[in-house]
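The values are calculated or read from the model by the stated rules, or taken from the named source; none is laboratory data. Keep in mind that what you see is a predicted model, and the values were worked out from it rather than measured. Here the Cβ positions follow ideal geometry from the backbone for every residue, glycine too, while neighbour counts run over all protein chains shown. In case anyone asks, the SASA skips ligands and DNA or RNA and just uses the protein heavy atoms, side chains included. Shrake-Rupley method; radii C 1.70, N 1.55, O 1.52, S 1.80 Å.
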Amino acid sequence: MAEYKLDCFGEACPLPLVKTQKKMETMNVGDVIVVEIDHSCAMKNIPDWARAAGHNVDIEEINDGEWEVIIEKTK
Amino acid sequence: MESKKRPARKRRNQVPIALGLLLLIIIAGIMLAGVNSMLAIYWIFGISFGIVLQKSRFCFTASLRDPVLTGSTTLTRAVLIAFMVATVGFGAIQFKALLSGVAGVPGNIFPVGLHTAIGAIMFGIGMVIAGGCASGTLMRVGEGFMQQWIAIVFFVVGSVWAARDFGWWSVNVIMPTSISDGVTKGFHLPTAFGWGFAFFGQLIILAAIFLFADWYEKKKLNKVPLEN
(Lines give C-alpha, C1' and ligand atoms only; values in the text may rest on other atoms or scores of the structure.)
Protein backbone atom coordinates (compact mmCIF):
# COMPACT_ATOMS: atom_id res chain seq x y z
CA MET A 1 0.00 0.00 0.00
CA ALA A 2 2.49 2.56 -1.17
CA GLU A 3 1.64 6.21 -1.57
CA TYR A 4 3.15 8.17 -4.40
CA LYS A 5 3.26 11.90 -4.95
CA LEU A 6 3.24 13.45 -8.40
CA ASP A 7 4.20 17.11 -8.55
CA CYS A 8 2.48 18.65 -11.55
CA PHE A 9 2.52 22.27 -10.41
CA GLY A 10 2.93 24.62 -13.32
CA GLU A 11 2.14 22.03 -15.95
CA ALA A 12 -0.57 22.69 -18.52
CA CYS A 13 -3.50 20.52 -19.34
CA PRO A 14 -2.66 17.23 -20.96
CA LEU A 15 0.67 16.75 -19.16
CA PRO A 16 -0.60 16.00 -15.63
CA LEU A 17 -3.05 13.48 -17.05
CA VAL A 18 -0.48 11.72 -19.22
CA LYS A 19 1.99 11.59 -16.31
CA THR A 20 -0.73 10.20 -14.03
CA GLN A 21 -1.64 7.52 -16.56
CA LYS A 22 2.03 6.51 -16.97
CA LYS A 23 2.60 6.39 -13.19
CA MET A 24 -0.60 4.40 -12.58
CA GLU A 25 0.62 1.71 -14.94
CA THR A 26 3.64 1.04 -12.72
CA MET A 27 1.61 0.94 -9.49
CA ASN A 28 0.14 -2.07 -7.71
CA VAL A 29 -3.53 -2.48 -6.84
CA GLY A 30 -4.27 -0.65 -3.61
CA ASP A 31 -1.52 1.90 -4.10
CA VAL A 32 -2.46 5.55 -3.82
CA ILE A 33 -1.21 8.42 -5.92
CA VAL A 34 -1.51 12.06 -4.97
CA VAL A 35 -1.36 14.33 -8.01
CA GLU A 36 -0.68 17.96 -7.23
CA ILE A 37 -2.05 20.30 -9.89
CA ASP A 38 -2.71 24.00 -10.38
CA HIS A 39 -4.21 23.90 -13.87
CA SER A 40 -7.99 23.98 -13.64
CA CYS A 41 -8.39 21.86 -16.75
CA ALA A 42 -6.45 18.95 -15.23
CA MET A 43 -8.80 19.18 -12.28
CA LYS A 44 -11.49 17.96 -14.63
CA ASN A 45 -9.80 15.49 -16.94
CA ILE A 46 -7.74 13.54 -14.38
CA PRO A 47 -10.73 12.67 -12.14
CA ASP A 48 -12.87 12.03 -15.25
CA TRP A 49 -10.39 9.57 -16.66
CA ALA A 50 -9.69 7.87 -13.31
CA ARG A 51 -13.39 7.45 -12.52
CA ALA A 52 -14.05 6.12 -16.00
CA ALA A 53 -11.24 3.62 -15.51
CA GLY A 54 -12.93 2.53 -12.27
CA HIS A 55 -10.48 3.87 -9.68
CA ASN A 56 -11.37 5.62 -6.43
CA VAL A 57 -10.93 9.36 -6.74
CA ASP A 58 -10.93 12.20 -4.26
CA ILE A 59 -10.27 15.88 -4.95
CA GLU A 60 -9.09 18.35 -2.37
CA GLU A 61 -8.49 22.05 -2.89
CA ILE A 62 -5.40 22.52 -0.77
CA ASN A 63 -4.94 26.17 -1.62
CA ASP A 64 -6.50 28.82 -3.87
CA GLY A 65 -6.16 27.32 -7.32
CA GLU A 66 -4.14 24.33 -6.13
CA TRP A 67 -5.64 20.89 -5.94
CA GLU A 68 -4.68 17.39 -4.92
CA VAL A 69 -6.27 14.57 -6.85
CA ILE A 70 -6.01 11.40 -4.79
CA ILE A 71 -6.44 8.20 -6.77
CA GLU A 72 -6.49 4.69 -5.38
CA LYS A 73 -5.71 2.05 -7.93
CA THR A 74 -8.45 -0.57 -7.74
CA LYS A 75 -7.61 -2.88 -10.59
CA MET B 1 -11.54 6.16 0.54
CA GLU B 2 -8.78 6.08 3.07
CA SER B 3 -6.20 8.80 2.88
CA LYS B 4 -4.08 10.53 5.42
CA LYS B 5 -5.49 13.85 6.50
CA ARG B 6 -3.27 16.60 5.31
CA PRO B 7 -3.07 19.82 7.25
CA ALA B 8 -5.31 22.31 5.48
CA ARG B 9 -3.39 25.39 4.50
CA LYS B 10 -4.85 28.68 5.54
CA ARG B 11 -6.68 30.14 2.59
CA ARG B 12 -7.23 33.77 1.84
CA ASN B 13 -10.83 34.91 2.02
CA GLN B 14 -11.62 35.97 -1.54
CA VAL B 15 -15.08 37.40 -0.86
CA PRO B 16 -13.91 41.01 -0.26
CA ILE B 17 -11.86 40.86 -3.48
CA ALA B 18 -14.89 39.53 -5.37
CA LEU B 19 -17.15 42.30 -4.04
CA GLY B 20 -14.53 44.94 -4.91
CA LEU B 21 -14.18 43.52 -8.40
CA LEU B 22 -17.96 43.43 -8.87
CA LEU B 23 -18.11 47.10 -7.88
CA LEU B 24 -15.31 47.94 -10.35
CA ILE B 25 -17.12 46.03 -13.12
CA ILE B 26 -20.34 47.96 -12.46
CA ILE B 27 -18.53 51.33 -12.34
CA ALA B 28 -16.64 50.53 -15.55
CA GLY B 29 -19.92 49.43 -17.16
CA ILE B 30 -21.65 52.70 -16.24
CA MET B 31 -18.65 54.71 -17.52
CA LEU B 32 -18.65 52.75 -20.80
CA ALA B 33 -22.40 53.25 -21.18
CA GLY B 34 -21.75 56.99 -20.93
CA VAL B 35 -19.43 56.79 -23.94
CA ASN B 36 -21.48 54.35 -26.01
CA SER B 37 -24.22 51.99 -24.81
CA MET B 38 -22.94 49.24 -27.14
CA LEU B 39 -19.59 49.27 -25.29
CA ALA B 40 -21.36 48.51 -22.01
CA ILE B 41 -23.18 45.61 -23.66
CA TYR B 42 -19.89 44.20 -25.02
CA TRP B 43 -18.38 44.61 -21.54
CA ILE B 44 -21.15 42.67 -19.80
CA PHE B 45 -21.25 39.99 -22.51
CA GLY B 46 -17.46 39.54 -22.33
CA ILE B 47 -17.46 39.16 -18.56
CA SER B 48 -20.46 36.80 -18.58
CA PHE B 49 -18.80 34.70 -21.26
CA GLY B 50 -15.62 34.51 -19.17
CA ILE B 51 -17.53 33.44 -16.04
CA VAL B 52 -19.39 30.70 -17.91
CA LEU B 53 -16.14 29.53 -19.53
CA GLN B 54 -14.31 29.37 -16.20
CA LYS B 55 -17.08 27.84 -14.12
CA SER B 56 -18.00 25.20 -16.69
CA ARG B 57 -14.33 24.34 -17.35
CA PHE B 58 -15.35 24.54 -20.98
CA CYS B 59 -12.36 23.95 -23.21
CA PHE B 60 -12.33 23.69 -27.00
CA THR B 61 -8.85 22.17 -26.83
CA ALA B 62 -10.00 19.39 -24.51
CA SER B 63 -13.09 18.79 -26.65
CA LEU B 64 -10.82 17.68 -29.49
CA ARG B 65 -7.92 16.26 -27.48
CA ASP B 66 -9.65 14.21 -24.78
CA PRO B 67 -11.39 11.77 -27.15
CA VAL B 68 -7.94 10.72 -28.34
CA LEU B 69 -6.22 10.92 -24.96
CA THR B 70 -8.82 9.53 -22.55
CA GLY B 71 -11.84 8.59 -24.62
CA SER B 72 -13.99 11.15 -22.83
CA THR B 73 -16.28 13.05 -25.18
CA THR B 74 -18.18 15.08 -22.56
CA LEU B 75 -16.69 18.36 -23.79
CA THR B 76 -16.90 17.30 -27.43
CA ARG B 77 -20.64 16.85 -27.04
CA ALA B 78 -20.89 20.17 -25.19
CA VAL B 79 -19.18 21.91 -28.12
CA LEU B 80 -21.49 20.17 -30.61
CA ILE B 81 -24.54 21.39 -28.66
CA ALA B 82 -23.05 24.90 -28.70
CA PHE B 83 -22.64 24.62 -32.48
CA MET B 84 -26.27 23.54 -32.85
CA VAL B 85 -27.50 26.44 -30.73
CA ALA B 86 -25.31 28.80 -32.75
CA THR B 87 -26.62 27.33 -36.01
CA VAL B 88 -30.22 28.03 -34.96
CA GLY B 89 -29.36 31.52 -33.65
CA PHE B 90 -27.25 32.70 -36.58
CA GLY B 91 -29.61 31.00 -39.03
CA ALA B 92 -32.50 33.01 -37.57
CA ILE B 93 -30.53 36.29 -37.70
CA GLN B 94 -29.44 35.73 -41.30
CA PHE B 95 -32.83 34.51 -42.49
CA LYS B 96 -34.52 37.52 -40.92
CA ALA B 97 -32.03 39.81 -42.68
CA LEU B 98 -32.80 38.01 -45.95
CA LEU B 99 -36.57 38.44 -45.48
CA SER B 100 -36.25 42.13 -44.65
CA GLY B 101 -34.25 42.58 -47.84
CA VAL B 102 -30.96 43.78 -46.34
CA ALA B 103 -28.21 43.54 -48.93
CA GLY B 104 -25.54 40.98 -48.08
CA VAL B 105 -25.55 38.36 -45.32
CA PRO B 106 -24.76 39.55 -41.79
CA GLY B 107 -21.96 37.77 -39.98
CA ASN B 108 -18.33 36.87 -40.60
CA ILE B 109 -18.37 34.84 -43.78
CA PHE B 110 -15.00 33.78 -45.12
CA PRO B 111 -13.82 31.75 -48.06
CA VAL B 112 -13.15 28.07 -47.32
CA GLY B 113 -10.62 25.85 -48.98
CA LEU B 114 -7.38 24.04 -48.43
CA HIS B 115 -6.08 26.98 -46.39
CA THR B 116 -8.87 26.37 -43.83
CA ALA B 117 -7.67 22.80 -43.28
CA ILE B 118 -4.00 23.81 -43.10
CA GLY B 119 -4.76 26.62 -40.66
CA ALA B 120 -6.97 24.34 -38.53
CA ILE B 121 -4.22 21.72 -38.20
CA MET B 122 -1.64 24.38 -37.30
CA PHE B 123 -4.01 25.90 -34.75
CA GLY B 124 -4.77 22.45 -33.34
CA ILE B 125 -1.11 21.62 -32.79
CA GLY B 126 -0.52 25.04 -31.25
CA MET B 127 -3.45 24.93 -28.88
CA VAL B 128 -2.58 21.50 -27.49
CA ILE B 129 1.02 22.61 -26.83
CA ALA B 130 -0.06 25.96 -25.36
CA GLY B 131 -2.67 24.21 -23.20
CA GLY B 132 -5.62 26.15 -24.50
CA CYS B 133 -7.28 27.78 -27.47
CA ALA B 134 -7.82 31.53 -27.59
CA SER B 135 -10.70 31.70 -25.12
CA GLY B 136 -9.26 29.00 -22.88
CA THR B 137 -5.88 30.73 -22.71
CA LEU B 138 -7.50 34.06 -21.88
CA MET B 139 -9.58 32.43 -19.15
CA ARG B 140 -6.53 30.77 -17.57
CA VAL B 141 -4.55 33.99 -17.76
CA GLY B 142 -7.28 35.39 -15.53
CA GLU B 143 -7.12 32.33 -13.28
CA GLY B 144 -3.43 33.06 -12.71
CA PHE B 145 -1.80 30.13 -14.47
CA MET B 146 1.63 31.63 -15.25
CA GLN B 147 2.57 29.42 -18.19
CA GLN B 148 -0.37 30.75 -20.12
CA TRP B 149 0.78 34.31 -19.54
CA ILE B 150 3.65 33.40 -21.86
CA ALA B 151 1.22 31.76 -24.29
CA ILE B 152 -0.97 34.88 -24.44
CA VAL B 153 2.04 37.12 -25.21
CA PHE B 154 2.94 34.99 -28.23
CA PHE B 155 -0.71 34.63 -29.16
CA VAL B 156 -0.89 38.41 -29.45
CA VAL B 157 2.44 38.56 -31.32
CA GLY B 158 1.22 35.90 -33.76
CA SER B 159 -2.14 37.60 -34.29
CA VAL B 160 -0.54 40.99 -34.94
CA TRP B 161 1.95 39.44 -37.33
CA ALA B 162 -0.82 37.60 -39.17
CA ALA B 163 -2.89 40.76 -39.43
CA ARG B 164 0.11 42.65 -40.86
CA ASP B 165 0.73 40.04 -43.58
CA PHE B 166 -2.90 39.09 -44.19
CA GLY B 167 -3.01 40.88 -47.54
CA TRP B 168 -0.20 38.74 -48.93
CA TRP B 169 -1.72 35.47 -47.65
CA SER B 170 -5.09 36.50 -49.00
CA VAL B 171 -3.79 37.04 -52.54
CA ASN B 172 -1.25 34.21 -52.69
CA VAL B 173 -2.74 31.42 -50.57
CA ILE B 174 -6.41 31.97 -49.82
CA MET B 175 -7.48 33.06 -53.33
CA PRO B 176 -5.88 30.17 -55.26
CA THR B 177 -7.06 27.42 -52.87
CA SER B 178 -10.45 28.86 -52.08
CA ILE B 179 -13.64 27.27 -53.44
CA SER B 180 -15.57 30.52 -53.21
CA ASP B 181 -16.01 33.00 -56.04
CA GLY B 182 -13.85 35.69 -54.54
CA VAL B 183 -12.03 36.59 -51.37
CA THR B 184 -14.48 39.23 -50.27
CA LYS B 185 -17.52 37.10 -51.02
CA GLY B 186 -16.83 34.16 -48.75
CA PHE B 187 -18.51 30.77 -48.81
CA HIS B 188 -22.04 30.81 -47.44
CA LEU B 189 -23.71 27.41 -47.10
CA PRO B 190 -27.33 28.58 -47.56
CA THR B 191 -26.34 30.56 -50.68
CA ALA B 192 -24.60 27.51 -52.09
CA PHE B 193 -27.05 24.74 -51.11
CA GLY B 194 -30.29 26.55 -50.31
CA TRP B 195 -31.62 27.50 -46.89
CA GLY B 196 -33.53 24.35 -45.94
CA PHE B 197 -30.76 21.98 -46.95
CA ALA B 198 -27.98 24.05 -45.34
CA PHE B 199 -29.83 24.73 -42.08
CA PHE B 200 -31.34 21.33 -41.40
CA GLY B 201 -28.43 19.52 -43.04
CA GLN B 202 -25.99 21.20 -40.66
CA LEU B 203 -28.17 20.31 -37.64
CA ILE B 204 -28.49 16.70 -38.77
CA ILE B 205 -24.72 16.39 -39.35
CA LEU B 206 -24.00 17.89 -35.93
CA ALA B 207 -26.52 15.52 -34.32
CA ALA B 208 -24.91 12.58 -36.12
CA ILE B 209 -21.46 13.59 -34.79
CA PHE B 210 -23.03 13.92 -31.33
CA LEU B 211 -24.38 10.37 -31.47
CA PHE B 212 -21.05 9.12 -32.79
CA ALA B 213 -19.21 10.86 -29.92
CA ASP B 214 -21.59 9.28 -27.41
CA TRP B 215 -21.09 5.83 -28.92
CA TYR B 216 -17.30 6.36 -29.10
CA GLU B 217 -17.08 7.24 -25.40
CA LYS B 218 -19.13 4.22 -24.32
CA LYS B 219 -16.98 1.96 -26.46
CA LYS B 220 -13.71 3.46 -25.14
CA LEU B 221 -14.79 3.43 -21.50
CA ASN B 222 -15.95 -0.16 -21.63
CA LYS B 223 -12.54 -1.04 -22.95
CA VAL B 224 -10.49 0.92 -20.40
CA PRO B 225 -11.13 -1.18 -17.25
CA LEU B 226 -10.35 -4.38 -19.15
CA GLU B 227 -7.00 -3.02 -20.25
CA ASN B 228 -5.82 -2.22 -16.73
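Could you run through the range B:34-72 and say how many residues are touching an Asp or Glu at 6+ places or on another chain (Cβ under 9 Å) and part of a helix (DSSP H, G or I)?
First pass over the range B:34-72, keeping only residues touching an Asp or Glu at 6+ places or on another chain (Cβ under 9 Å): B:54, B:59, B:66-67, B:70-72.
Then keep just the ones that are part of a helix (DSSP H, G or I); that gives B:54, B:66-67.
Matching residues across the range B:34-72 total 3.
Results for (1) closer than 17 Å to B:PHE200 by Cβ; (2) more than 15 Å from the chain's Cα centre (by Cα); (3) crowded, with 18+ Cβ neighbours inside 10 Å, shown as yes or no for each residue.
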| residue | (1), (2), (3) |
| --- | --- |
| B:PHE45 | no, no, no |
| B:ALA62 | no, no, yes |
| B:THR73 | no, yes, yes |
| B:VAL88 | yes, yes, no |
| B:LEU99 | no, yes, no |
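Could you check B:GLN94 against (1) more than 22 Å from B:LEU64 (Cβ to Cβ); (2) open to solvent by 40 Å² or more (accessible area, probe 1.4 Å) and say which number it fails?
(2)
Could you check the range B:10-43 and list, in sequence order, the residues that are open to solvent by 100 Å² or more (accessible area, probe 1.4 Å), over 26 Å from the mean Cα position of the chain (by Cα) and farther than 30 Å from A:TRP67 by Cα?
B:ILE30, B:MET31, B:VAL35
Those residues that are within 24 Å of A:ASP38 (Cα to Cα) and either outside any helix (DSSP H, G or I) or among the charged types (D, E, K, R) (or both), I need them from the range B:73-84; list them, please.
B:THR73
Could you tell me which residue of the range A:39-55 is farthest from B:LYS220 (Cα to Cα), considering only residues that are more than 7 Å from chain B (Cβ to nearest Cβ) and surrounded by fewer than 24 Cβ atoms within 10 Å (Cβ to Cβ)? Even if it seems obvious, please write down each step before you answer.
Within the range A:39-55, the first condition is being more than 7 Å from chain B (Cβ to nearest Cβ), and the residues that meet it are A:42-43, A:46-47, A:50-51, A:55.
When the remaining residues are screened for being surrounded by fewer than 24 Cβ atoms within 10 Å (Cβ to Cβ), the result is A:43, A:47, A:51, A:55.
On the way: A:MET43: 21, A:PRO47: 16, A:ARG51: 13, A:HIS55: 16 Å.
Looking at the filtered set, the residue picked out is A:MET43.
In the range A:1-68, which strands (runs of 3 or more DSSP E) lie fully inside it and hold 2 or more residues that are of a type in the set (D, E, K, R) and over 16 Å from B:THR70 (Cβ atoms)? Quick ask: steps written out before the conclusion?
Numbers: elements: A:3-8, A:32-37, A:56-63.
Where strands (runs of 3 or more DSSP E) fall fully within the range A:1-68 and carry at least 2 residues being of a type in the set (D, E, K, R) and over 16 Å from B:THR70 (Cβ atoms), they are A:3-8, A:56-63.
Can you find a residue in the range B:105-122 that is open to solvent by less than 20 Å² (accessible area, probe 1.4 Å), touching a residue at least 24 places away in the same chain (Cβ under 8 Å) and in contact with an Asp or Glu (Cβ under 7 Å, 6 or more places away or on another chain)?
no
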